């Protein structure tokens, strides 16, 4: 019995073939993604690498996708630091890209902006259970009037949710009411919303994207980031360790952490909304190709890291940037260009880790000095897994990671001494796709793909 | 808002006195309030954000370390700015240091927009009774 696991990435369509009993990796191949014509074209080209005998006896086909912009969600809540943040966490945890996050009553301008961004789904939160009703109802009414047709998940005040559903019914393609993302102040409950998003993805969104046939033929099951997240979850469970995944791509840098993030130092008080055990952040301005210009804006303030061992003229670098940011498939052509790519990758890792991890600040009280932590303390994370084209195909991913992990800010709670591993077969997504159905085969694939890169 | 029993509780500023805060939480809960306790070291913004999301009827501020006047200044104005105009504001504890009578302190905080001000040693029952009256419970 074999399983064929496919990922329709933004650049490449990857196919992994594995034996289920006894578990074993048969091989992986890839071909450029064909989102502009038919996704299945790229799939057929990718599996050309396998022999007909190898493709015989496939019992399970499952696929993930981040093609055509991935799963795009607009999150709406009440207070930015509370229900908007909770709604964002829920959307990110479902493997989505949050294209807009709006607080308080939606303005006409915001509605227009959301329409332009063409989200696949709206996540409507606001109010704790029994708390504020006015804003979520007003926002439901504005969405109903707006001719936004995307499905809506209502995950706000339970006392207002049925009314919000009634307002939206027949106005949008589908309304699903689920548990509040913040049932009480400073209580995060993202699981019900994540599940609702997942179900809508299978039932509505693949259809809306014109991928019904993909779903039928290869079992399109989830957005790629969710597959990667499931792989990380499995890895953490199998090893009984706190782990992180860093995924550097052309358009975004994703970070996942599987750790409780509680304060590790004594005399430390935790403030703000609690963080989910499985936390994912997506940095849309940190990427190696499509987002290269925004990356440069971010790092120019700090100066390009000292990863370029020679004096590069502004012109030389600008020419490289022009070439690769317009053609997302293009690679570095010589040693000097490779050094540029290296510097960009290090900058992506460093900045994305910094944004994902929590911080501590000193506070002086009459009782003496205290530490106040916000966000997750990831300093004791035991293992860091690297994936994404920029790292998988790098010449020396270990030294890239070490450079990206070098702490430049002692108050930022990034991992200090994790063991490093590389998803060198680029099959982490396949691990996630198999994790629920065939955990043993998934574990085998995980072992097969993780290549140790030593310690920091 | 008559009939609204949701209240926000917390110790303001850099104050870390946690024991009284727990006692207040238990007392108000037993008296039938839905208590949203933000704990110690709570900023004005955190009180306001919590009150907006939970549509609370009152904010109860404690301050034990003598900086209450500084920490509480501007809270009423920010509440108005955030659309919480009529929310009840209670404050209690060792609100100031120095030689001032409680009636001076009381006046001072009322001027700052607080509805009720309590000196050290006040029993929770006193504030509970007044809060029930103020909230029409």
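Residues that are more than 14 Å from every other protein chain (Cβ to nearest Cβ) and farther than 16 Å from residue A:296 by Cα within the range A:346-365 comprise A:353, A:354, A:355, A:356, A:357, A:358, A:359, listed in sequence order. When the range A:205-240 is filtered for residues that are over 26 Å from residue A:32 (Cα atoms) and in contact with a helix residue (DSSP H, G or I) (Cβ under 8 Å, 6 or more places away or on another chain), the ones remaining, listed by number, are A:233, A:234, A:235, A:238.
When you look at residue A:136, is it more than 14 Å from every other protein chain (Cβ to nearest Cβ) and either in contact with a helix residue (DSSP H, G or I) (Cβ under 7 Å, 6 or more places away or on another chain) or part of a helix (DSSP H, G or I) (or both), yes or no?
Values: more than 14 Å from every other protein chain (Cβ to nearest Cβ): no; either in contact with a helix residue (DSSP H, G or I) (Cβ under 7 Å, 6 or more places away or on another chain) or part of a helix (DSSP H, G or I) (or both): yes.
Answer is no for this residue.
Only one of the numbered conditions (1) more than 10 Å from every other protein chain (Cβ to nearest Cβ); (2) buried (at least 23 other Cβ atoms within 10 Å of the Cβ); (3) over 25 Å from residue A:367 (Cβ atoms) is not met by residue B:101, and that is (2).
In the set (1) touching a strand residue (DSSP E or B) at 6+ places or on another chain (Cβ under 9 Å); (2) within 19 Å of residue A:272 (Cα to Cα); (3) within 14 Å of chain A (Cβ to nearest Cβ), residue B:67 fails one condition alone, (2).
Considering every residue within the range A:182-193, establish whether at least one is in contact (Cβ under 8 Å) with a residue 24 or more places away in the chain, assigned to a helix (DSSP H, G or I) and either out of contact with any strand residue (DSSP E or B) (no Cβ under 7 Å at 6 or more places or on another chain) or not assigned by TED's automatic domain parsing to the domain that holds residue A:282 (or both). The answer is yes, given that some residue of the range A:182-193 is in contact (Cβ under 8 Å) with a residue 24 or more places away in the chain, assigned to a helix (DSSP H, G or I) and either out of contact with any strand residue (DSSP E or B) (no Cβ under 7 Å at 6 or more places or on another chain) or not assigned by TED's automatic domain parsing to the domain that holds residue A:282 (or both).
Within the range A:107-133, the set of residues being surrounded by fewer than 21 Cβ atoms within 10 Å (Cβ to Cβ) and away from every other protein chain (no Cβ under 14 Å) comprises A:107, A:108, A:109, A:110, A:111, A:112, A:113, A:115, A:116, A:117, A:118. Evaluation of residue B:46 against the conditions (1) under 20 Å from residue B:117 (Cα atoms); (2) outside any loop (DSSP other than H, G, I, E, B); (3) at pLDDT 95 or above; (4) within 14 Å of chain A (Cβ to nearest Cβ) shows that the sole unmet condition is (1).
Could you list, in sequence order, all residues of the range B:49-64 that are touching a residue at least 40 places away in the same chain (Cβ under 8 Å) and at the interface with chain A (Cβ under 8 Å from one of its Cβ atoms)? Give the derivation first.
Quick first cut of the range B:49-64, residues touching a residue at least 40 places away in the same chain (Cβ under 8 Å) only: B:50-51, B:54-64.
Within the range B:49-64, B:50, B:54, B:55, B:56 meet the criteria.
Yes/no per residue for (1) in a strand (DSSP E or B); (2) modelled with pLDDT under 95; (3) within 14 Å of another protein chain (Cβ to nearest Cβ):
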site: A:69; (1), (2), (3): no, yes, no
site: A:81; (1), (2), (3): no, yes, yes
site: A:86; (1), (2), (3): no, no, yes
site: A:105; (1), (2), (3): no, no, yes
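Of all the listed residues (A:237, A:207), the sole one being at pLDDT 95 or above, part of a helix (DSSP H, G or I), surrounded by fewer than 17 Cβ atoms within 10 Å (Cβ to Cβ) and under 25 Å from the mean Cα position of the chain (by Cα) is A:237.
For the range B:18-43, residues that are buried (at least 20 other Cβ atoms within 10 Å of the Cβ), in a loop (DSSP other than H, G, I, E, B) and either more than 9 Å from chain A (Cβ to nearest Cβ) or over 14 Å from the mean Cα position of the chain (by Cα) (or both) total 1. Specify the residue that is farthest from the other protein chains (Cβ to nearest Cβ); the eligible residues are those in the range A:151-163 that are free of Cβ contacts under 8 Å to residues at least 60 places away in the same chain and under 26 Å from residue A:209 (Cα atoms). Among them, the one singled out is A:151.
Quick grid of which residues meet (1) out of contact with any strand residue (DSSP E or B) (no Cβ under 7 Å at 6 or more places or on another chain); (2) farther than 30 Å from residue A:268 by Cα; (3) at pLDDT below 95:
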position	(1), (2), (3)
A:410	yes, no, yes
A:414	yes, no, no
A:419	no, no, no
A:433	no, yes, no
A:452	no, yes, no
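The values are calculated or read from the model by the stated rules, or taken from the named source; none is laboratory data. Predicted model, so just to flag it, every value in this text is computed and none were measured. No Cβ is skipped: glycine too gets one built from the backbone with ideal geometry, and neighbour counts run over all protein chains shown.
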